[in-house]
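Here the structure is laid out as structure tokens; the discussion comes afterwards.
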Amino acid sequence: MKTLLNYLLMVAATALLQLFMPWWTIALVPFVVYLLRPERPLVAYATSLAAIATVWMVYAIFLHTTSGGSMSDRVAQLFFLPNGGALVGTTTLLSGLVAGFAGLAGHYIRSAVVSEKQA
């Protein structure tokens, strides 16, 4: 239940903050969540990756479909990708990796600063 709550908290906070803040919010949100709400390292990494990848994948698919694929196809050409779908997948993967490592960093910083008895 705690993992699901962390996932939903990260999805909601990231979706909201991305409207007003820069892209690196995808690292800030999981970092803060797992700094304040401890979990096991693998759970922190996987949940962070899944939550942020979900947000960015949904938004990338939304942009891809509303533009008829033309915008993402043009951007994909800049990165030597075959099509817009590959760009959506690459964006999803990279955002998930950044968030996963940020959540893991939050977990490890908390465990380095706070002893198990205090947690």
Restricting the search to the range 88-119, which residues are over 18 Å from residue 18 (Cβ atoms) and either part of a loop (DSSP other than H, G, I, E, B) or of a type in the set (A, V, I, L, M, F, W, C) (or both)? 101, 104, 105, 109, 112, 113, 114, 115, 116, 117, 118, 119
Mind listing whichever residues of the range 16-26 are crowded, with 17+ Cβ neighbours inside 10 Å and in a helix (DSSP H, G or I)? 25, 26
So, in the range 27-52, exactly how many residues are touching a Phe, Trp or Tyr at 6+ places or on another chain (Cβ under 7 Å) and outside any helix (DSSP H, G or I)? 0
Failed condition for residue 81, given (1) in a helix (DSSP H, G or I); (2) over 22 Å from residue 5 (Cα atoms); (3) touching a Leu at 6+ places or on another chain (Cβ under 6 Å): (1)
Could you say which residue among 55, 32, 43 is modelled with pLDDT of 95 or more and closer than 15 Å to residue 95 by Cα? 55
Which pairs turn up if I take residues in the range 32-43 that are free of Cβ contacts under 8 Å to residues at least 40 places away in the same chain and at negative phi and look for partners that are buried (at least 18 other Cβ atoms within 10 Å of the Cβ) and assigned to a helix (DSSP H, G or I) with beta carbon separation below 6 Å, at least 6 apart in sequence or on another chain? 37/6
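Would you say residue 54 is under 19 Å from residue 10 (Cβ atoms) and either free of Cβ contacts under 8 Å to residues at least 24 places away in the same chain or among the polar types (S, T, N, Q) (or both)? It would help to see each step written out before you state the result.
Working: under 19 Å from residue 10 (Cβ atoms): yes; either free of Cβ contacts under 8 Å to residues at least 24 places away in the same chain or among the polar types (S, T, N, Q) (or both): yes.
Yes.
The values are calculated or read from the model by the stated rules, or taken from the named source; none is laboratory data. Computed from a predicted structure; not experimentally measured. So basically every Cβ, Gly included, is an ideal-geometry build from the backbone, and we count neighbours across all protein chains shown.
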